[in-house]
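Asker: Handing you this structure, nothing more for now.
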Amino acid sequence: QTGYVTLDRGYKNTGATKSAITFLDGEQGILQYRGYSIEDLAAKASFLEVAYLLIYGELPTQEQFATFETSIRRHTLVNEDMRKIFDGFPVNAHPMGVLSSLVSAMSAFYPDLEGSKEDTTDQHIIRLLAKMPTIATWSYKRGLGHPMNYPKNNLDYIPNFLNMMFSLPVEDYKVDPVVAEALNVLLILHADHEQNCSTSTVRLVGSSQANIYSSISAGISALWGPLHGGANQEVIEMLEDIKADGGDVSKYVDMAKNAKTTGFRLFGFGHRVYKNFDPRARIIKKAADDVLSKLGVNDPVLEIAKGLEEAALHDDYFVSRKLYPNVDFYSGIIYRALGIPTNMFTVMFAIGRLPGWIAQWKEMREQKEPIGRPRQIYTGATLREFVPIEKR
Ligand code: SDX
């Protein structure tokens with residue numbers, strides 16, 4: 001091998017790019033999008049304002065926002081032929097597999113004209129932001145045997161999504177402002193997180209000049225993993241198991257401490273970068289109390305989650321490894337209170353993360369990053385002669 005290779009499994013100490021989008025400090029527990037603190041944005045901004053900020057670098061003026069928001073509002077319909085692809089999935093297909101496939105299929109329905117030199121990136125950005133929520137609701141409605149809902153141009157982004165998710169032809173559906181506001185905060189908190197696994201996937205796929213739909217589809221697939229975005233579904237299933245098992249959190253803390261033998265991890269705990277409290281988890285934990293009390297929801301797993309957090313944060317195994325609750329630990333408790341089923345939690349993460357993936361893909365292209373192609377340290381067989389099968 002010419003030159004030398006430094007092995008860095010999981011890229012724990014490798015900077016893959018320069019980026020001006022998101023700043024996070026794992027020691028201090030700081031997260032900022034384009035210089036604005038996540039606390040400020042979650043309290044004061046709308047999700048689409050944050051999407052514009054991440055993608056275009058500045059908070060939009062009223063005129064810029066009106067144009068951006070109107071374009072999205074007018075592109076929420078999905079080509080009806082995509083329903084034929086969707087109808088081919090088994091009813092119990094996981095919504096993340098469906099979402100990844102249909103977003104990839106968008107490259108066939110909204111292709112760039114062959115050889116067109118016009119930069120159509122902004123049109124594809126609008127289509128992704130506008131159509132992914134519509135597609136996301138299909139799995140939920142079909143899983144219930146309910147008719148699909150179409151988007152409505154007279155609804156804002158989040159109410160439109162909620163209406164497609166929960167309205168039924170047999171009764172009027174009124175969006176609860178508490179639910180819409182809670183979702184606004186959750187989507188903002190998930191919007192970007194610098195070079196995490198799924199974002200790095202989007203960048204790597206896009207670095208080969210693959211189109212934006214294929215790149216985002218790859219990011220959705222990476223997010224699905226239980227160690228990444230899929231953790232929010234695993235957390236609720238873990239908390240339900242603890243509840244069914246009598247609520248004894250110390251037993252599960254012990255199981256996690258003996259991960260080598262039990263193979264058990266406390267989902268929603270630990271983070272590659274945060275060696276302090278994940279600032280998003282802090283906001284979501286507080287929001288969980290607020291939203292559940294406003295909605296009059298009493299979910300026993302919230303108390304189990306708090307008990308588990310308390311036990312872990314006072315246990316040397318977790319303290320010594322700086323394992324704190326991450327963004328996925330409390331988010332599922334709010335999603336559930338909003339009526340969103342467990343198998344849709346990671347889809348909610350994908351809807352939130354979409355503007356971040358888009359912003360990072362756009363920056364990668366604008367910075368003309370080279371195609372990603374890491375090296376390896378070879379540990380296989382040395383040169384040997386081929387042996388014909390009759391002699392093997
Ligand atoms: C997200 O990167 C991002 O920014 C991701 C994300 C984003 O916004 O994009 O923040 C979203 O993916 C949050 C993480 C969601 N995943 C989980 O909650 C799954 C559970 N957490 C872990 O699997 C783990 O903490 C990771 C995957 C999050 C981080 O893994 P690392 O950095 O590779 O750390 P590691 O696996 O090397 O763990 C270090 C030690 C090990 O023990 P030792 O070998 O030193 O004895 O800590 C232990 C691990 O066994 N450990 C855990 C644990 N997480 C790590 N032990 C018990 N429970 C856990 N959850």
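The values are calculated or read from the model by the stated rules, or taken from the named source; none is laboratory data. On a predicted model such as this, the values are computed, not experimentally measured, just so you know. As a convention, Cβ positions derive from the backbone with ideal geometry for all residues, glycine included, and neighbour counts pool all protein chains shown.
Asker: Give the number of residues within segment 1-42 that are without any contact (Cβ under 8 Å) to a residue 12 or more places away in the chain and hydrophobic (A, V, I, L, M, F, W, C).
Answerer: 0
Asker: For ALA222, indicate whether it is of a type outside the set (Lys, Arg) and either away from the ligand (no atom under 13 Å from the Cβ) or touching a residue at least 40 places away in the same chain (Cβ under 8 Å) (or both).
Answerer: Answer is no for this residue.
Asker: Please go through segment 243-253 and pick out each residue that is more than 11 Å from the ligand (Cβ to nearest atom) and either more than 17 Å from ASP299 (Cα to Cα) or crowded, with 19+ Cβ neighbours inside 10 Å (or both).
Answerer: VAL249, SER250, LYS251
Asker: Among the residues of segment 180-190, are any of a type in the set (D, E, K, R) and either under 22 Å from ARG127 (Cα atoms) or part of a helix (DSSP H, G or I) (or both)?
Answerer: Scanning segment 180-190, I find at least one residue that is of a type in the set (D, E, K, R) and either under 22 Å from ARG127 (Cα atoms) or part of a helix (DSSP H, G or I) (or both), so the answer is yes.
Asker: Please find, within segment 182-219, the residue that is surrounded by the fewest Cβ atoms within 10 Å (Cβ to Cβ) out of those that are under 14 Å from GLY352 (Cα atoms) and away from the ligand (no atom under 16 Å from the Cβ).
Answerer: Within segment 182-219, the match that is surrounded by the fewest Cβ atoms within 10 Å (Cβ to Cβ) is ASN184.
Asker: Right, here's the next one. Do we find a residue being in a helix (DSSP H, G or I), within 28 Å of GLY225 (Cβ to Cβ) and modelled with pLDDT of 95 or more anywhere in segment 10-31?
Answerer: Among the residues of segment 10-31, at least one is in a helix (DSSP H, G or I), within 28 Å of GLY225 (Cβ to Cβ) and modelled with pLDDT of 95 or more, which makes the answer yes.
Asker: Something else now. So which residues in segment 309-338 are of a type in the set (Ser, Thr, Tyr) and either under 30 Å from TYR140 (Cβ atoms) or more than 11 Å from the ligand (Cβ to nearest atom) (or both)?
Answerer: Hits for segment 309-338 are TYR330, SER331, TYR335.
Asker: Continuing with the same structure: In segment 339-351, what residues are more than 14 Å from the ligand (Cβ to nearest atom) and not hydroxyl-bearing (Ser, Thr, Tyr)?
Answerer: The answer is GLY339, ILE340, PRO341, ASN343, MET344, VAL347.
Asker: Mind listing whichever residues of segment 13-40 are more than 18 Å from the chain's Cα centre (by Cα) and either crowded, with 20+ Cβ neighbours inside 10 Å or at positive phi (or both)?
Answerer: Of everything in segment 13-40, those that are more than 18 Å from the chain's Cα centre (by Cα) and either crowded, with 20+ Cβ neighbours inside 10 Å or at positive phi (or both) turn out to be GLY29, ARG34, GLY35.
Asker: Something else: Residues that are modelled with pLDDT of 95 or more, out of contact with any Phe, Trp or Tyr (no Cβ under 8 Å at 6 or more places or on another chain) and not in a helix (DSSP H, G or I): does segment 65-72 have at least one?
Answerer: No, segment 65-72 contains no residue that is modelled with pLDDT of 95 or more, out of contact with any Phe, Trp or Tyr (no Cβ under 8 Å at 6 or more places or on another chain) and not in a helix (DSSP H, G or I).
Asker: Next question, about the same structure. If GLN367 satisfies all but one of (1) more than 10 Å from the ligand (Cβ to nearest atom); (2) within 29 Å of THR134 (Cα to Cα), what's the number of the condition it fails?
Answerer: Here GLN367 meets the rest and fails (2).
Asker: Next question, about the same structure. Which residue is surrounded by the fewest Cβ atoms within 10 Å (Cβ to Cβ), if the candidates are limited to segment 264-291 and must be of a type outside the set (A, V, I, L, M) and more than 10 Å from the ligand (Cβ to nearest atom)?
Answerer: LYS286
Asker: On the phi < 0 side of the Ramachandran plot, away from the ligand (no atom under 11 Å from the Cβ), buried (at least 21 other Cβ atoms within 10 Å of the Cβ) and at pLDDT 95 or above, is that true of LEU354?
Answerer: Taking the combined requirement at face value, the residue satisfies it.
Asker: Can you pull out every residue in segment 254-263 that is among the hydrophobic types (A, V, I, L, M, F, W, C) and more than 8 Å from the ligand (Cβ to nearest atom)?
Answerer: Result: MET255, single match.
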